[in-house]
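Written below as structure tokens is the structure these notes are about.
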Amino acid sequence: MGNEVRVRFAPSPTGYLHVGGARTALYNWLFARNRGGKFLLRIENTDVKRSSKEMEEYIKEAMLWLGLNWDEDIVYQLERLEIYRKYALELVEKGLAYYCYTPPEELQKEGGGVECHEVNPEDYSEKPLAIKFRVPDEGTTEFDDIIRGHIRFKNEDLGDFVIVRSDGIPTYNFAVVVDDHYMGITHVIRGEDHISNTPKQILIYRAFGWKVPEFAHLPMILGPDKKRLSKRHGATSVLEYRDIGILPEALFNFLALLGWSPGDNREIVSKEEMIRLFDLKRVGKRAAVFDLDKLFWINSEYIRMKSDEEIYELALPFMEKAGLVKSDEDREKFKKVVPLLKERVKLLKDFVDLSEYFFKDVEKYDEKGVKKHFKEGVEERLSLLVEKLKAIETFDEKSIEKAVRSLADELGISAAKLIHPTRLAVTGRTFGPGLFELMAVIGKDECIKRIERAIDWIKAQRRD
RNA sequence: GGCGCCAUCGUCUAGUCAGGCCAAGGAUACCUGGUUCUCAGCCAGGAGACCCGGGUUCAAAUCCCGGUGGCGCUGCCA
């Protein structure tokens, strides 16, 4: 246990788990698994007004969905208030921290700028006092960041800072140190936005005489406009990606490679490989833009790697939610549809759009397709095809193809001239899986019905 | 403003620590051609980057300095 690696992810339950936080958690997780250490979860709920149990549950759900399991009991900051208080008092006794008073009116002001000077607690015994940490006027505080190398701050630039608020709740910088020490954290892996907090935290470690952990500050994740990723860039919550049909393995792979690379040219890397190869020293320094296109591409790769059965199970809920699959019969049909569409989808939810005509009547025909394929004389050709189809006994891919091609031969036209109008008649669309396999799934009677309906529709159009 | 971090194709990146193998490699996205009944895919090809300026060196994407730009922090938020 002495040199066991222990890392943590410490979200505050004030919002959903967004992709930036997820990547931080993921790197902590990979690092712990790589080193055979422990990955811990701490809920930083000291911002009582904005924290909620609901958000905590969402965060845990998102982590588990991604496969980021934590090893020990969750630590809740709010349950540890007396402990922070005790340690803060210890610093006051040592003269390393002091009480200060600010009139309540002043505290209402948003955005800080509140002045507060050292006071004698006995003179203010009835009034709420905050505790401030005393930063040395001189010298520097330095550390070696695993990712960024040596970083130095002048103490005079830091300035005294509040460690316990007048309501008795500790501030982030103080609670983090007390908790990380208590949890035995050996490596603090977090976002680059915490670099400037690090010297303050180191000063606190030293004030207690505690061992300072290693630090690794990860680059930020940006939106396409190079601004910090936020809601206005669209989906940022991990669960939103689940809900459009991103596979957890795909998001995991994508996020892991956003800032880190195993060094070879691979883009698709299994979780096991990542655990084996992960190295904080190979994490990049510069902020990365979150590229949806690449995520979608990775997702389509993962979809293709899975078996038809697995994809059926994963996509079924999307189909049921959309109301396309309602019965056992529908489910049987969808099982046959999956292999036809698996290579054509980027997201699981794409199955809904692309498979609609398997489950519903064709209500309209693609406009451009009509101009291109429903030309003079198609209705006769389609009628002849219907006759051929009616004669088929076993309505499978082969026999359908034979029927279509032989008719084309007899008419002296290219098969394409028959195939495209038929696809439009049967699916309403100009693109999709191979016509013969698609028709086999839809079934003989339904195909004939749809073609006849199309013939009627075309004739009706001619009259207008 | 102050302090800090960062800077390779549109995007993700390899290469930077240990300067030459880099007239900069891969992936994605984009364009073209091939394959197929269409689409997707697949195959082949194309266009596309070392932020700028100095310096060190026989040699710099790589080291040093300056500038510029982006981001972060600057709260009794985390």
Between A:ASN69 and A:LYS398, what FRET efficiency comes out of the Förster formula 1/(1 + (r/R0)^6) with R0 = 56 Å and r the beta carbon distance, rounded to 0.05?
0.70
Over the Cα atoms of the range A:307-360, what radius of gyration and what Dmax do you get, in Å?
9.6, 26
Quick one: what are the phi-derived ³J(HN,Hα) couplings along the range A:195-208, Karplus 6.51/-1.76/1.60 with θ = phi - 60°, whole Hz, x for glycine and proline?
4, 6, 7, 4, x, 4, 5, 4, 4, 5, 3, 5, 4, 8
Heavy-atom accessible area per residue of the range A:307-360, all protein chains kept, 1.4 Å probe, expressed in Å², is 54 Å²
Please list, in chain and number order, the residues 5+ apart from A:ASN45 or on another chain whose amide H is under 5 Å from its amide H, with Hs placed from the backbone.
A:GLN77, A:LEU78
What is the set of long-range amide H partners of A:VAL135 at a cut-off below 5 Å, with H atoms built 1.01 Å from backbone N?
A:ASP160, A:PHE161
Cα centroid separation, the range A:172-205 to the range A:413-464 (Å):
66 Å
Heavy atoms only, probe 1.4 Å: what % of the accessible area of the range A:362-464 goes to carbon and sulfur, would you let me know?
49 percent
Isolated Cys in chain A by the 4.7 Å beta carbon test?
A:CYS447
222 nm mean residue ellipticity, helices alone, for chain A (DSSP H n ≥ 4; -39,500 (n - 2.57); rounded to 500):
-14500 deg cm²/dmol
Rounded to whole Å², per residue accessible area for the range A:362-464 with a 1.4 Å probe reads 55 Å²
Using amide H atoms built 1.01 Å from N in the peptide plane, name the residues 5+ places from A:VAL164, or on other chains, whose amide H lies under 5 Å from its own.
A:ILE131, A:THR171
Using the Karplus curve 6.51 cos²θ - 1.76 cosθ + 1.60 with θ = phi - 60°, work out ³J(HN,Hα) for each residue of the range A:80-93 in order, rounded to whole Hz, and write x for Gly and Pro.
10, 4, 5, 5, 4, 4, 4, 5, 5, 5, 4, 5, 5, 4
With all protein chains present, calculate the accessible area of A:ILE268 using a 1.4 Å probe and round the result to the nearest 10 Å².
50 Å²
Assuming a viscosity of 1.002 mPa s and a temperature of 20 °C, what translational diffusion coefficient in µm² per second does Stokes-Einstein assign to the range A:362-464, Rh being the Kirkwood radius over Cα pairs?
160 µm²/s
Cα-based reach from A:LYS132 at 24 Å (exclusive), listing lysines while leaving out same-chain residues under 8 positions away:
A:LYS49, A:LYS86, A:LYS94, A:LYS109, A:LYS154, A:LYS200, A:LYS211
Given a 1.4 Å probe and heavy atoms of the protein chains only, how would you sort A:ARG405, A:ARG429, largest accessible area at the top?
A:ARG405, A:ARG429
Tail fraction, Cα-Cα pairs, chain A, threshold 37 Å, whole percent:
47 percent
With a 26 Å threshold on alpha-carbon distance, the violating pairs from A:LYS360/A:LYS459; A:LYS226/A:LYS342; A:LYS231/A:LYS285; A:LYS306/A:LYS336; A:LYS335/A:LYS449; A:LYS306/A:LYS449 are A:LYS226/A:LYS342; A:LYS306/A:LYS449
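The values are calculated or read from the model by the stated rules, or taken from the named source; none is laboratory data. These numbers come from a predicted model, not from an experiment. Using ideal geometry, Cβ is built from the backbone for each residue, glycine included, and neighbour counts are taken over all protein chains shown. These area figures cover heavy atoms from the full protein model, side chains too; ligands, DNA and RNA do not enter into them. Shrake-Rupley method; radii C 1.70, N 1.55, O 1.52, S 1.80 Å.
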